[in-house]
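As structure tokens, the structure follows; a few thoughts come after it.
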Amino acid sequence: GLWFDRRRDNHDTEKRADDRVQPPFLEQPWARSSEGTAWDGLPKYDLTRFNEWYFSRLKEFATLCRAKGCILFHNFYMQHALLEQQAHYVDFPWRPANCAQDTGMPDSFPAANAFYDVTDPRRRELHRAYIRKCLDELGDQTNVVHLASEEYTGPVSFMQFWIDTILEWQQQTGKRVKIGLVGTKDVVDALLADPSRGPHVSVICLSYWWYNAD
């Protein structure tokens with residue numbers, strides 16, 4: 001979700017004075033900490049811990065999809081909050097105002113370049129832990145296709161890291177998941193031509209081939 005509760009629906013950017021949230025809620029995969037106050041008036045996120053209710057519902061949804069013979073396209077991330085406007089970013093869990101960890105993320109958007117920069121050891125380990133958590137929860141679901149992000153127009157380097165993390169998890173667990181590629185055409189082409197990564201791709205998404213990074 002772009003924000004946790006409905007108070008942000010009017011796209012304002014003001015810090016909430018209290019925690020009087022308005023449902024329905026858009027749960028995030030990360031758990032809340034007991035530290036400080038985030039921009040939405042609730043406790044800050046702890047990016048090293050996960051929202052078990054969120055993942056239980058996600059797993060339940062994948063199971064229901066399988067029972068109905070449906071494929072679930074699971075996006076690990078949602079790029080929209082990082083680029084579109086400040087109202088979409090103010091409540092983003094990785095924004096410094098909202099989490100207990102030092103993420104090194106900017107206070108204002110655009111924030112995609114920093115988010116996808118896995119040369120930063122802090123963010124790299126947070127990404128790695130989250131990716132593995134998603135795989136631990138959905139790795140037994142044969143009807144799930146894993147995609148890096150909705151609206152992904154980021155660099156090939158992040159996609160390489162994302163795939164490598166999946167391949168590492170597969171080697172350690174002995175399980176196999178379906179990897180889907182989503183991104184601009186140059187990124188998808190580069191990954192498909194990569195002999196160490198391309199053969200592991202099961203699905204190609206063409207949604208963002210219209211976008212030219214140049």
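General remarks:
- Matching entry among Q28, Q22 (being without any contact (Cβ under 8 Å) to a residue 60 or more places away in the chain and either not in a strand (DSSP E or B) or not charged (D, E, K, R) (or both)): Q22
- Filtered residues of the stretch 77-111 (kept if in a strand (DSSP E or B) and surrounded by fewer than 20 Cβ atoms within 10 Å (Cβ to Cβ)): M78
- Residue within the stretch 43-64 that is part of a loop (DSSP other than H, G, I, E, B) and out of contact with any strand residue (DSSP E or B) (no Cβ under 7 Å at 6 or more places or on another chain) present: no
- Pairing residues of the stretch 108-133 that are within 16 Å of I166 (Cβ to Cβ) with residues that are in a loop (DSSP other than H, G, I, E, B), at Cβ distances under 8 Å and at least 6 apart in sequence or on separate chains, gives R124/V118; H127/V118; Y130/P29; K133/P29.
No lab work stands behind these numbers, since they all come straight from the coordinates. All values reported here derive from a predicted model rather than from experimental measurement. We place every Cβ from the backbone using ideal geometry, glycine too, and count neighbours over all the protein chains shown.
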